[in-house]
Amino acid sequence: MKFKIDWFLTGMFVATGLAWVFPEPGAKGGWLYPELLTKAGVALIFFLHGVSLSFAALKDGALNWRVHLVVQASVFLLFPLLGLLLFPLLQNWLSPDLRLGFFYLCALPSTVSSSVAMTAVAGGNVPAAVFNATLSSLLGIVLTPLWLKLVVGEAGAAFPLEKVILDLMLWLVLPLIVGQLMRPLLGGWAKRNKKLVSTVDRCTILLLVYTSFCDSVQFGVWEQQTAGTLVISLLLVLALFGALFWLIGLICTSLRFSRADRIATILCGSKKSLATGVPMAQLMFGTHPGLGLILLPIMLYHPLQLMICGVLANRWKEQQVPA
């Protein structure tokens, strides 16, 4: 099977590299004004999501409550509980910011577009995938900061939960609602120009990745890390993905899910959203100098999940047997 080079994944490496070479423009006080640029970028991303998202498409999958329960429990309960187990165990292995980054990865919502697309390729329950991917994004606006509050609070640091949720409502939920309200006017245009909308969305995320790493480079955070840190991080990401994939499959078997429901549950429940994670981190952690380290686990997890789930989706499509 041939693999196409994904310009977005390549762009993540380029954005990170640019932050290393030219950190000043995107760092606090730089000429890109990241304090304003990041919030505007977050608002644009979720406005476009609002314009593109058809809530009418959710009705077909809304009644399949067993799938919804397993998917959301996997994303917002099993994943964070594994993160809680890892958090103290990694104390002597990883820096505090990177440990927080692994828990942040575990607390994030699932992906939207890739979960639905891969479920369709594999012959899974597409309406259930659409419903769960969308529901996960909405629940994450509240559940992700709540989980972060728990962990950061236990570490003895302040986490302004009310301010974080207010910022998320202002810069994520409000643009999403405005996008939905504008859908009668712009929905047709968005559908006809789906590729353009996706490109703008992804380019904005790459800009946020760049600004996220600039402060880390400016403050010398990465100089304290070794190559071993990256290797450990990659192994942990693989272990997390493998553990959740196995657990979700076990639950699907015990509940006797149909092939279509099983595929949708596994592909939605094992994913974590970089598209949501980067904007949320910008709002929750602001100009924290360790933001680049906090984002590293989700940046490693993102291409990994795409590659593995992409291969499995194609295999399940060809086999046409229970996954």
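All of the numbers you see were taken from the coordinates with simple rules; none came from a lab. Values in this document were obtained by computation on a predicted structure and should not be read as measured data. No Cβ is skipped: glycine too gets one built from the backbone with ideal geometry, and neighbour counts run over all protein chains shown.
Counting Lys and Arg as +1 and Asp and Glu as -1 over every other residue whose Cβ lies under 12 Å from the Cβ of SER254, the net charge comes to +3.
A Förster radius of 30 Å, combined with the Cβ-Cβ distance separating SER113 from PHE13, puts the computed FRET efficiency at roughly 0.90.
Backbone phi angles across the range 98-103, fed through the Karplus curve with coefficients 6.51, -1.76 and 1.60 (θ = phi - 60°), yield HN-Hα couplings of 6, 4, 4, x, 5, 5 Hz in residue order; Gly and Pro are listed as x.
With neighbour counts taken as other beta-carbon atoms within 10 Å, the residues ASP201, ASP97 rank, fewest first, as ASP201, ASP97. Here the Karplus relation 6.51 cos²θ - 1.76 cosθ + 1.60, evaluated at θ = phi - 60°, turns the backbone of the range 233-246 into coupling constants of 4, 5, 5, 5, 4, 4, 5, 4, 4, x, 5, 5, 4, 5 Hz, with x for every Gly and Pro. For the chain, the longest piece that avoids every one of the chymotrypsin sites (Phe, Trp or Tyr not before Pro) found in DSSP loops with at most 12 other C-beta atoms within 10 Å covers 32-323.
Each helix, a run of at least 4 DSSP H residues, gives -39500 (n - 2.57); summed and divided by the residues of the chain, these come to -24000 deg cm²/dmol at 222 nm.
Counted by neighbouring Cβ atoms within 10 Å, the residues LEU78, LEU53 run from fewest to most as LEU78, LEU53.
Once C-alpha pairs closer than 8 Å and six or more residues apart are averaged by separation and normalised to the residue number of the chain, the relative contact order reads 34 percent. Put in order of Cβ neighbour count within 10 Å, fewest first, the listed residues ILE177, ILE205, ILE141 become ILE177, ILE141, ILE205. What nm distance separates the two modelled labels at ALA73 and LEU238, each placed 7 Å from Cα along Cα→Cβ? Placing both labels 7 Å along Cα→Cβ, they lie 3.0 nm apart.
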